[in-house]
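Everything on this sheet refers to the single structure shown next.
We did not get these values from a lab; they are worked out from the coordinates using the rules stated. Everything numeric here is computed off the predicted structure, so don't read it as measured data. Heads up, the Cβs are rebuilt from the backbone with ideal geometry, glycines too, and the neighbour counts pull from every protein chain shown.
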């Protein structure tokens with residue numbers, strides 16, 4: 001039986017600092033559609049569920065009577081949690097960027113829709129892509145991989161371990177590189193389509209200057225982009241979920 005004393009409470013609070021900060025930035029958990037009170041209770045519930053596994057190691061690293069050292073540990077744990085959450089957030093920012101690029105390439109970027117997943121209006125196609133990806137995280141049980149990564153982070157970055165000055169920047173840059181390479185692969189068919197169809201209508205406009213080819217081409221550009229989106233949407237989302245799960249396995 002574990003006696004709940006000041007050291008146990010402090011260790012649990014330090015665990016909450018890392019987990020709560022990570023979930024505050026983690027896609028899906030940090031959606032504006034989730035009320036802040038629900039997010040807070042979720043972070044507390046996850047902390048209490050993982051505390052029996054982690055409290056002993058955290059308690060050994062926690063100082064006994066130094067308030068300055070305690071404040072330093074709180075800041076360090078929040079920083080580690082923020083780095084993990086930001087790395088995952090980079091993948092969804094890259095997916096949102098790819099969705100915005102897709103809507104622009106097929107001529108749908110001038111119609112911002114209501115706020116669904118993010119805090120600002122985006123095009124309907126972008127909102128649909130990001131919302132579907134958020135749902136797939138929970139459908140594919142990747143939220144359990146997030147918790148596994150949080151538990152493993154205590155082995156990779158133990159409590160009270162001094163972080164390198166460029167540790168967070170290097171991790172975020174690596175995640176940003178992987179995320180935007182993934183976004184480029186997702187939007188590649190639309191980039192090729194946009195180049196080809198705009199080149200074709202540009203040549204047609206030069207051959208027939210008396211006809212307003214630009215206005216005539218808009219329905220054809222939209223129709224072709226919609227067909228490509230219809231046939232590639234499932235593969236693009238599967239590619240994103242696979243890339244995101246592979247990154248979680250490496251964290």
query: Add -39500 (n - 2.57) for each DSSP H run of 4 or more in the chain, then divide by its residues: what number comes out at 222 nm, to the nearest 500 deg cm²/dmol?
result: -28000 deg cm²/dmol
message: What do you get for the angle between helix 142-156 and the principal long axis of the chain? Use alpha-carbon atoms, 0 to 90 degrees, nearest ten.
response: 50
message: Modelling each spin label as a point 7 Å along the Cα-to-Cβ direction, I'd like the residue 234/residue 48 distance in nm, to one decimal.
response: 4.2
task: Please find, in a Gaussian network model of the chain (springs between Cα atoms separated by less than 10 Å), the residue of 190, 13, 181 whose mean-square fluctuation is greatest.
output: 181
- prompt: If you find the alpha carbon centre of segment 38-63 and of segment 168-228, how far apart are they in angstrom?
  reply: 47
- prompt: Of 193, 154, 230, which is the most mobile in a GNM of the chain whose springs link Cα atoms less than 10 angstrom apart?
  reply: 230
- request: Mind ranking 19-31, 128-140, 202-214, 42-54 by how tightly packed they are, going by the mean number of other C-beta atoms within 10 angstrom, highest first?
  value: 19-31, 128-140, 42-54, 202-214
task: Give me the orientation-averaged projected area of the Cα convex hull of segment 32-105, in nm², one decimal.
output: 7.2
field: Modelled FRET efficiency - R0 25 Å, residue 242 with residue 33, Cβ distances, 0.05 increments
entry: 0.50
task: Please find, in a Gaussian network model of the chain (springs between Cα atoms separated by less than 10 Å), the residue of 39, 18, 89 whose mean-square fluctuation is greatest.
output: 39
message: So if each residue of separation counts as 0.36 nm, and I subtract the Cα-Cα distance between residue 169 and residue 214, what length gain in nm does that give?
response: 11.7 nm
- line: Note on the chain: contact order normalised by length, alpha-carbon pairs under 8 Å, 6 or more apart, percent, works out to 23
- prompt: What are the principal axis extents of the Cα atoms in the chain, in Å, biggest first?
  reply: 85, 34, 27
- request: Compute the long axis of helix 167-207 from its Cα atoms, compare it with the longest principal axis of the Cα atoms of the chain, and write down the angle in degrees, 0 to 90, nearest 10.
  value: 10
- request: With a 10 Å radius around each residue's Cβ, average the other Cβ atoms per peptide and rank 236-245, 75-84, 220-229, highest first.
  value: 75-84, 236-245, 220-229
